[in-house]
Structure formats: structure tokens, C-alpha cells
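Take a look at the structure below.
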Amino acid sequence: MIQGSVSEDERMQDAAARAVLEQSGIAVEGVPLSLGTSNGVVPRETWNFFLFPCPPLPDNWTHHFSDDDGGEYKFFWQPAEEYLEGDWPAPFIRALRFAVSKVEKLNEAKRNQYCEIQHPKIARQILKTLAQQDAGKPIDPTEIARSIAGSDEKKWRKLMPDIRNEAVKLAFNGEISVLRKGKPILGANFKGLYKIGPYQN
């Protein structure tokens with residue numbers, strides 16, 4: 001979760017997207033979904049909540065934030081169903097509870113659109129196929145799609161976006177490399193053809 005303030009003449013959702021980019025390095029994509037407002041996070045403050053679709057993200061990462069004082073923010077995943085207490089700041093706990101309660105009320109279509117979906121079968125197949133290759137030889141993502149869906153092109157082509165997302169996540173975690181023109185890249189904003197190869201530093 002990223003928090004920030006709103007500048008004069010700035011739309012709420014634009015302020016939220018700006019804060020996410022500045023504080024986490026994530027360039028959010030698509031149209032944000034408003035989760036409403038709360039006056040119960042901090043006394044005498046109104047908090048606006050937005051849910052953004054975004055690229056696949058690693059398990060954890062560090063972002064250097066260039067503000068007046070400079071800073072380094074470390075990000076990780078916290079299971080939403082776990083009760084927060086102890087060292088967690090009270091406003092953060094209240095904000096998270098509010099956001100989770102709103103997300104839980106979304107219909108299935110909205111949740112699938114805005115919340116990251118895990119595809120463990122695809123990830124396992126990527127790693128299995130790569131392990132079966134000759135040392136250092138990359139694989140085409142269509143091989144993964146065909147190995148799961150068969151030779152029917154209409155079926156395996158539907159898997160290509162999910163295969164791309166899973167490949168990006170595996171690359172973030174240092175398990176594989178996503179290759180463009182034979183060189184490893186790290187990120188989800190690349191375009192065009194790519195291949196999957198063994199992890200390279």
C-alpha cells in the first residue's frame with residue numbers, strides 16, 4: 001500500500017498513480033478502481049482508496065525514493081487475511097482493513113481484473129521445460145503454451161498472456177531469464193517477441 005497527498009488541481013486517481021510511481025517505482029497500468037473513502041484512518045483526514053491493475057511484481061524489492069531527504073523503501077507481500085498488530089502503525093492497520101473489506105465485496109470479474117492471479121501450473125511447466133533443454137538453450141513461450149493446451153492454436157494462444165506474466169515473475173525471483181534479442185531483461189513493460197532461458201546475472 002502506498003499513501004500520498006493530493007496537489008492542487010490534481011485528480012485523486014492521478015495523485016495515487018503518481019505516489020505509487022514515486023514511492024515504489026511501479027508504473028501502474030489501466031484505469032484505477034475507486035474503493036471509496038474513509039474518515040476513520042486518521043482523525044480529521046479523508047482517505048481516498050484506489051485499486052490499480054499493475055504488472056507482475058517480485059516477492060520483494062527495494063526502491064530508492066528521491067524526495068527532499070532521500071529514502072529507501074522495502075516492499076514485501078503481507079497476507080491480507082492475517083491480523084496485523086504489534087509494531088504495525090495503527091493508521092496502516094485501519095487503512096488495510098478498510099481496503100481489504102472493499103476488495104472482498106468485489107464481484108469475481110472485477111477481482112480477476114484488478115487482483116493478481118497466480119498460475120502455478122504455468123510456472124511449473126516453464127521450469128520443467130527449461131530444465132529439459134540443452135544447457136543454455138532458450139525456449140520459445142509458444143512451446144509452453146502447446147505443452148499445456150495441445151496443438152489447437154485457439155486454445156494455446158489464450159495462454160500466452162498468462163505465460164508472459166509468469167515468466168516475468170520467475171525472472172524477478174531469479175529463477176529464469178526473459179530474453180530479448182538474446183539479452184536478459186528485467187521488467188514487464190517490454191514489447192514484442194521474447195524467449196525464456198536459464199537465469200543470468
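For region 83-111, the set of residues classified as touching a residue at least 40 places away in the same chain (Cβ under 8 Å), loosely packed, with under 15 Cβ neighbours inside 10 Å and either part of a loop (DSSP other than H, G, I, E, B) or basic (Lys, Arg) (or both) consists of LYS110 only. Only residues that are over 18 Å from ILE176 (Cα atoms), in contact (Cβ under 8 Å) with a residue 24 or more places away in the chain and not β-branched (Val, Ile, Thr) were counted across region 125-162, and they come to 1. Examine region 71-83 for a residue that is small (Gly, Ala, Ser), touching a strand residue (DSSP E or B) at 6+ places or on another chain (Cβ under 6 Å) and modelled with pLDDT of 90 or more, and state whether such a residue exists. No, the conditions are met nowhere in region 71-83. Of everything in region 5-19 that is small (Gly, Ala, Ser) and loosely packed, with under 14 Cβ neighbours inside 10 Å, the residue that is farthest from PHE75 (Cα to Cα) is SER7.
Within region 20-53, the set of residues being surrounded by fewer than 17 Cβ atoms within 10 Å (Cβ to Cβ), of a type in the set (A, V, I, L, M, F, W, C) and either in contact (Cβ under 8 Å) with a residue 60 or more places away in the chain or not in a loop (DSSP other than H, G, I, E, B) (or both) comprises LEU21, ALA27.
The values are calculated or read from the model by the stated rules, or taken from the named source; none is laboratory data. This structure is a prediction, so every number in the text was calculated from the model and none was measured. So basically every Cβ, Gly included, is an ideal-geometry build from the backbone, and we count neighbours across all protein chains shown.
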